[in-house]
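The structure under discussion appears below in the form of structure tokens.
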Amino acid sequence: MDTVQNKEGKLIIGEVKKSSKCIESAKMQLLYYLYDLKQQGIEAEGKLQFPEEKRVESVILDEEEMHKVEQTLLECKAIISQERPPQPRWTGCCMKCSYCECCYA
């Protein structure tokens, strides 16, 4: 979590990204934070922030988004339980990802 704010009694979790190029993965990251907080009994809303683009997008964990997070967690567990990791798959985000040097891909 990059930022945590309490605005008018609402907890707002912020995630700051350099670009909106990989917005779906950024949104899923923020949804996971909101999901994890909800599992602990903490209600929060999210904001994706793209300062260089002067853009902010609200993210709400509704039933549909909660289902997506739970499905993604099941997929992650299935990958972890495999005897061998899957073959690397490069995406458009890989070249500028901050984890590029330490990722097995």
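With respect to the chain, whose longest principal axis is taken over its alpha-carbon atoms, helix 23-39 is tilted by about 70°. In this Cβ point-charge picture (+1 for Lys and Arg, -1 for Asp and Glu), segment 13-65 has a dipole of about 400 debye about its Cα centre.
The convex hull built on the alpha-carbon positions of the chain has an orientation-averaged projected area of 8.0 nm².
Of all beta bridges that DSSP places with both ends in the chain, some 65 percent have antiparallel geometry.
For the chain, the longest principal axis of the alpha carbon atoms and the long axis of helix 63-80 meet at an angle near 30°. Over every Cα atom in segment 35-95, the radius of gyration and the widest Cα-Cα span, Dmax, amount to 15.8, 44 Å. For K68, the lysines whose Cα comes closer than 25 Å to its Cα, not counting residues fewer than 8 places off in the same chain, are K10, K17, K18, K21, K27, K38, K47, K77. The distance separating the Cα centre of segment 62-87 from that of segment 1-29 comes to 21 Å.
When nucleic acids and ligands are ignored and a 1.4 Å probe is applied, R55 ends up with an accessible area of around 90 Å².
The values are calculated or read from the model by the stated rules, or taken from the named source; none is laboratory data. The model shown is predicted, which means the values in this text are computed figures rather than measured ones. Positions of Cβ are backbone-derived with ideal geometry, glycine not excepted, and every protein chain shown enters the neighbour counts. All accessible areas refer to the heavy atoms of the entire protein, side chains included, with ligands and DNA or RNA removed. Shrake-Rupley method; radii C 1.70, N 1.55, O 1.52, S 1.80 Å.
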